[in-house]
1. Based on other C-beta atoms within 10 Å, arrange D96, D34 from fewest to most.
2. Compare the peptides 84-92, 11-19 by average per-residue count of other Cβ atoms within 10 angstrom and give them in order, highest first.
3. Report the rotationally averaged projected area of region 8-130 based on its alpha-carbon convex hull, in square nanometres.
4. Which is farthest toward the positive dipole end of region 8-130 among T125, H52, Q100, measuring Cα position about the Cα centre, with Cβ charges +1 (Lys, Arg) and -1 (Asp, Glu)?
5. Give me H127, H99 ranked fewest to most by other Cβ atoms within 10 Å of their Cβ, as a rough exposure proxy.
6. Just to confirm a number: summing +1 for Lys and Arg and -1 for Asp and Glu over residues other than Y101 whose beta-carbon lies under 13 angstrom from that of Y101, what do you get?
Amino acid sequence: MARSPEPARAWRAGWTVLALAYMGGLFALSSIPDDTQDVLGRRMMLLEPRWHNLLHIPAYAGLTFLLVRAMSAWSSTTRRHLVIAVIVASVYGALDEVHQYYVPGRFFSLIDMTLNAAGAVLLATCHNYAKPRSTTETH
């Protein structure tokens, strides 16, 4: 008995929707004005600014992971998927920094943009090295 393609299609769409929702979440967080009177703003400022900036690395590593999963749901993961995911996450991070320039109390930061790209590259590098290697050798 053949399996129905419906669950696979829903699973594929699920990863894509999750990646897009994550992007929306990053955009929403970067849209919050830097107002220390805001409850979320106070909680985010519990970390010193230099440590707070390092949160860009796992945030954009997470985005890259979801982008790779979304693309892999449609076909097997390839190096091309990793490259595309790094490019998309890095460009999105750069555009988000531009967006922050227009948010009161926020600013454009080349350091943050670099940390966004570093998170994307880190995830792709870890993903590439975590793949099982063939144990057969050719002589």
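Laboratory data are not the source of any read-out in this text; all were calculated from the coordinates shown. Treat the numbers as computed from the prediction; the structure is a model and nothing was measured. Positions of Cβ are generated from backbone atoms using ideal geometry, with glycine treated the same way; all protein chains shown enter the neighbour counts.
1. D34, D96
2. The densest-packed peptide leads the list: 84-92, 11-19.
3. Spelled out: convex hull of the Cα atoms, projected over all directions, averaged, 8.0 nm².
4. The one lying farthest along the dipole's positive direction is T125.
5. In increasing order of surrounding Cβ atoms, one gets H99, H127.
6. -3
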